[in-house]
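Enquirer: Could you have a look at this structure, given as structure tokens, before my questions?
The values are calculated or read from the model by the stated rules, or taken from the named source; none is laboratory data. Keep in mind that what you see is a predicted model, and the values were worked out from it rather than measured. Heads up, the Cβs are rebuilt from the backbone with ideal geometry, glycines too, and the neighbour counts pull from every protein chain shown. These area figures cover heavy atoms from the full protein model, side chains too; ligands, DNA and RNA do not enter into them. Shrake-Rupley method; radii C 1.70, N 1.55, O 1.52, S 1.80 Å.
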Amino acid sequence: CVNAIFISYAASLVVPRIGEVSRCGVLAKYDNVSFAKSLGTVVTERLVDTLTIFLITGITVLLQMPVFVTFLENTGTKIPSFAYLLTSVWFYIVLLRKTLFFYERVKGFVLNIWEGIMSLKGVRNIPLFIFYTLAIWACYFFHFYFTFYCFAFTAHLGILAALVMFVGGTFAVIVPTPNGAGPWHFAIMEMMMLYGVNVTDAGIFALIVHGIQTFLVVLLGVYGLAALPFTNRQRK
């Protein structure tokens with residue numbers, strides 16, 4: 001499972017979003033886990049992750065509302081237009097139509113995925129599951145926050161500033177680029193400048209931090225590919 005996760009992160013650098021599929025493929029090949037059911041658990045993970053990041057975002061926005069408003073204004077995002085879209089009945093009608101059309105075409109596969117999603121009911125220790133979920137996201141955050149102390153121009157920024165940039169970067173990587181390259185840099189630089197960091201230093205921070213993280217993903221992916229056959233042989 002660990003090697004499959006390493007490979008999935010590295011695969012997403014080559015083709016964005018393909019990592020989840022490759023992870024299920026590795027488990028199907030080496031552990032005979034149903035691909036569809038495995039993909040269903042991935043969907044479950046993403047649903048839980050979505051709820052978690054919305055919770056983190058809500059808390060962060062409440063604590064740093066002026067910063068987010070300034071960021072949206074500087075990047076040309078129209079808050080009233082976005083709010084109108086989410087409250088429009090037609091938006092949800094179109095979304096429902098597209099969802100039903102897609103479901104009809106892949107109904108059988110979706111049923112297998114649903115079985116995987118329902119695996120959440122089989123979790124024997126829900127409090128531990130919740131704890132692990134929060135702990136994983138805490139690790140994501142501190143993995144980013146601790147890099148502030150590597151640079152003189154960010155060492156003075158507080159944990160709230162890091163939380164704002166973490167949220168912005170998390171939403172930026174939704175754009176399908178390898179490891180969020182481009183959108184992540186843009187979001188981090190723009191938000192960092194709101195806290196008084198000049199554009200050159202902000203660019204250096206984004207480039208170095210993202211570069212090292214990407215190198216780590218590549219390194220672990222290579223390790224996962226090399227170690228997986230031997231791990232499988234030991235199991236047999």
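Enquirer: Go through 174, 136, 188 for me and flag whichever is open to solvent by 40 Å² or more (accessible area, probe 1.4 Å) and assigned to a helix (DSSP H, G or I).
Expert: 136
Enquirer: As an exercise: evaluate residue 181 against (1) surrounded by 14 or more Cβ atoms within 10 Å (Cβ to Cβ); (2) farther than 22 Å from residue 22 by Cβ and give the number of the one condition it does not meet.
Expert: Unmet condition: (2).
Enquirer: Scan segment 143-161 residue by residue and report those that are open to solvent by less than 80 Å² (accessible area, probe 1.4 Å) and either assigned to a helix (DSSP H, G or I) or under 15 Å from residue 53 (Cα atoms) (or both).
Expert: Hits for segment 143-161 are 144, 145, 147, 148, 160, 161.
Enquirer: Further, regarding this structure: Answer yes or no as to whether residue 164 is touching a residue at least 24 places away in the same chain (Cβ under 8 Å), open to solvent by less than 20 Å² (accessible area, probe 1.4 Å) and more than 18 Å from residue 13 (Cβ to Cβ).
Expert: Details: touching a residue at least 24 places away in the same chain (Cβ under 8 Å): yes; open to solvent by less than 20 Å² (accessible area, probe 1.4 Å): yes; more than 18 Å from residue 13 (Cβ to Cβ): yes.
So residue 164 fits the description; yes.
Enquirer: Could you tell me whether any residue of segment 6-18 is among the charged types (D, E, K, R) and without any contact (Cβ under 8 Å) to a residue 24 or more places away in the chain?
Expert: No; the residues of segment 6-18 include none that is among the charged types (D, E, K, R) and without any contact (Cβ under 8 Å) to a residue 24 or more places away in the chain.
Enquirer: In segment 30-62, which residues are among the charged types (D, E, K, R) and either outside any helix (DSSP H, G or I) or closer than 30 Å to residue 161 by Cβ (or both)? I'd like the intermediate steps shown before the answer.
Expert: If we filter segment 30-62 for residues that are among the charged types (D, E, K, R), which is where we start, we get 31, 37, 45-46, 49.
Passing the criteria: 45, 46, 49.
Enquirer: Condition test on residue 63, is it open to solvent by 70 Å² or more (accessible area, probe 1.4 Å) and either over 14 Å from the mean Cα position of the chain (by Cα) or modelled with pLDDT under 85 (or both)? Lay out the reasoning, then the answer.
Expert: Values: open to solvent by 70 Å² or more (accessible area, probe 1.4 Å): yes; either over 14 Å from the mean Cα position of the chain (by Cα) or modelled with pLDDT under 85 (or both): yes.
Spelling it out, residue 63 is indeed open to solvent by 70 Å² or more (accessible area, probe 1.4 Å) and either over 14 Å from the mean Cα position of the chain (by Cα) or modelled with pLDDT under 85 (or both).
Enquirer: Considering segment 128-161 alone, what residues qualify as being touching a helix residue (DSSP H, G or I) at 6+ places or on another chain (Cβ under 7 Å) and without any contact (Cβ under 8 Å) to a residue 12 or more places away in the chain?
Expert: Scanning segment 128-161 gives a single hit, 155.
Enquirer: Run down 203, 182 and say which single residue is under 17 Å from the mean Cα position of the chain (by Cα), of a type in the set (Gly, Ala, Ser) and within 22 Å of residue 70 (Cα to Cα). Talk me through it step by step, then tell me what you get.
Expert: Numbers: 203 fails: under 17 Å from the mean Cα position of the chain (by Cα).
Step by step, each of 203, 182 is checked, and only 182 is under 17 Å from the mean Cα position of the chain (by Cα), of a type in the set (Gly, Ala, Ser) and within 22 Å of residue 70 (Cα to Cα).
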